[in-house]
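See below for the structure under consideration.
Nothing in this text is a laboratory measurement; each read-out follows from the coordinates by a stated rule. Keep in mind that what you see is a predicted model, and the values were worked out from it rather than measured. Reconstructed Cβ throughout: ideal geometry from the backbone, glycine too, with neighbour counts over all protein chains shown.
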Amino acid sequence: MKIARRPEWLQKKISPAAHADMERLLGDLRLHTVCQEAHCPNISECFRQRQATFLILGRLCTRLCSFCNVTKETPGPVDSAEPARVAAAVVRLGLRHVVITSPTRDDLPDGGAGHYGETVAAIRQASPGTRIELLIPDFQGERAGLAVVAESRPDIIGHNLETVPRLYHIRQGADYGRSLRVLATLRELAPDLSTKSGLMLGLGEEEDEVLGVLADLRKVGCSYLSLGQYLAPSKGHQPVERFVEPAEFERYRERALAMGFIHVESGPYVRSSYHAEQYGPA
């Protein structure tokens with residue numbers, strides 16, 4: 001059943017006037033953000049606070065997930081100067097915590113892992129005190145690529161499971177077991193590394209399925225969790241099956257903490273990098 005009208009707790013307003021300074025900076029440095037590409041409902045709140053999730057490796061994705069608004073086409077060449085520009089943005093914004101993500105680049109031999117490593121190195125040099133969080137694709141499960149990002153020593157590496165196994169058909173090119181192995185492999189490569197994952201709710205999942213995913217995440221040592229409401233970017237995307245009430249998000253948060261997660265953000269407007277700076281050391 002398709003649902004068109006949002007409930008009262010999902011009426012956050014986007015104010016373009018709040019974006020001017022941030023968009024000017026991003027334009028000057030020729031940088032992209034997932035905030036803009038994904039039409040994130042939190043963009044006004046975050047841009048007003050001079051926070052953004054940087055989208056490296058271009059704006060084009062090689063996969064076709066039916067819930068995502070990032071453009072799916074053949075990507076262009078990697079911009080070798082991009083890491084330095086991201087580092088410059090971190091300095092200009094005075095960021096204490098920065099989140100870096102990318103589209104999936106199955107066209108690259110290493111999936112873009114080396115570019116992630118170079119970006120971490122550039123930020124470390126320019127702003128040593130900034131905590132760095134990466135939100136990575138699965139690199140097709142290749143251990144070599146995962147080793148590159150783990151060895152770059154970010155503070156947190158996230159990889160989102162996005163939904164429950166039964167609904168994985170919406171993640172074209174992805175595999176639930178492989179995504180779990182990504183998180184497990186990261187911990188094997190760097191046992192002291194903090195890992196993070198996230199789920200979208202409202203796609204038709206059942207409570208026992210969600211709790212099963214949370215149990216799977218704890219088995220592979222995942223410390224941090226985000227749970228948010230799926231909102232279809234357009235009528236052509238995967239439809240919303242239901243709007244999860246705030247009280248239900250709070251119950252999931254309590255259950256997740258009881259299962260051993262160190263920090264959980266759970267609410268209708270939560271996204272992977274929403275309040276990312278509040279995820280303390282594991």
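Annotations
- Relative packing of peptides 258-264, 200-206, 44-50 - highest average C-beta neighbours within 10 Å first: 200-206, 44-50, 258-264
- Cα gyration tensor shape of the chain, rounded if a/c is under 1.5, else prolate or oblate by comparing a/b with b/c: rounded
- Considering only the chain, percent of DSSP beta bridges that pair antiparallel, nearest 5: 5 percent
- Overall form of segment 173-282 per C-alpha gyration tensor (a/c, 1.5; a/b vs b/c): prolate
- Ellipticity estimate at 222 nm from DSSP helix runs (n ≥ 4, -39,500 (n - 2.57)) divided over the chain, nearest 500: -10000 deg cm²/dmol
- Neighbourhood net charge (15 Å Cβ-Cβ; Lys/Arg +1, Asp/Glu -1) for Glu265: -1
- Spatial separation of Cα centroids for segment 215-266 and segment 120-168, in angstrom: 20 Å
- Whole-number percent relative contact order across the chain, with pairs defined as alpha carbons under 8 Å at least 6 apart: 16 percent
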